[in-house]
Every structure is written in C-alpha cells, then in structure tokens.
Amino acid sequence: MKNQGYDNIYFVDDSPKNVDAVIKDSGIKDVFVVALGDNNPETKADWIEREMKNQGYDNIYFVDDSPKNVDAVRKRLNKYPNIRKKVQLVKHG
C-alpha cells in the first residue's frame, strides 16, 4: 500500500485478536492498530470521520469484510464530496 501513495494505514477493529498475523500476511509495513472495543458499524464510521477531520485527510481508502461496516463508512464519507474515497468490501477465501 505504501507504493500506492498511502502514508498512514490504520487497522481498525473491534478487537485486535489475530491482527499481527493479518498485517504480517498482507506485507504492509508501519500500520497503526486501533481497537474500538465495539462492533457497531457506526462506531467505525465515527472513528474514521473523526480521524479524517482531526488529521486533515483528504484521501480515504477503506476496506472491510463486513457489508454493514462498508455501508456505514460509505454513507458517512459521502457527506464529504471533496474527499477522495474508495470504500470496498473484501471477501475471504
């Protein structure tokens, strides 16, 4: 991902079990891990929106394996037409 122009990569999850293995398998370096302690899709959308505003991000690439999380984040980011965004559902196996 670094080669694709992303400077800050966050792994946001309700519980960071197995996060190390996922990150290692992906080959991504310098990842920030955030444990939300909540699996509500709106909690994840809230965190992304807050970071976007606080850090001044204008390019967001969000990938998740939960359709509910993808929908919540897509709806939230669509409120910001000037932000470049890609929201994608990933399927395992």
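The values are calculated or read from the model by the stated rules, or taken from the named source; none is laboratory data. This one's a predicted model, so the numbers in the text were calculated from it and none came from an experiment. In this analysis, Cβ positions are derived from the backbone assuming ideal geometry, glycine residues included, and neighbour counts consider all displayed protein chains. Calculation scope for accessible area: heavy atoms of the full protein, side chains included, ligands and nucleic acids excluded. Shrake-Rupley method; radii C 1.70, N 1.55, O 1.52, S 1.80 Å.
A few points about this structure:
- Selection from the stretch 35-58 of residues that are open to solvent by less than 50 Å² (accessible area, probe 1.4 Å) and not in a loop (DSSP other than H, G, I, E, B): Pro41, Thr43, Lys44, Ala45, Trp47, Ile48, Glu49, Glu51, Met52
- Residue list for the stretch 71-93, restricted to those being surrounded by 16 or more Cβ atoms within 10 Å (Cβ to Cβ) and either part of a strand (DSSP E or B) or out of contact with any Phe, Trp or Tyr (no Cβ under 7 Å at 6 or more places or on another chain) (or both): Ala72, Arg74, Arg76, Leu77, Lys85, Val87
- Taking the stretch 59-70 as the range and being within 17 Å of Leu36 (Cβ to Cβ) and either outside any strand (DSSP E or B) or aromatic (Phe, Trp, Tyr) (or both) as the test, the residues that pass are Phe62, Asp65, Ser66, Lys68, Asn69, Val70.
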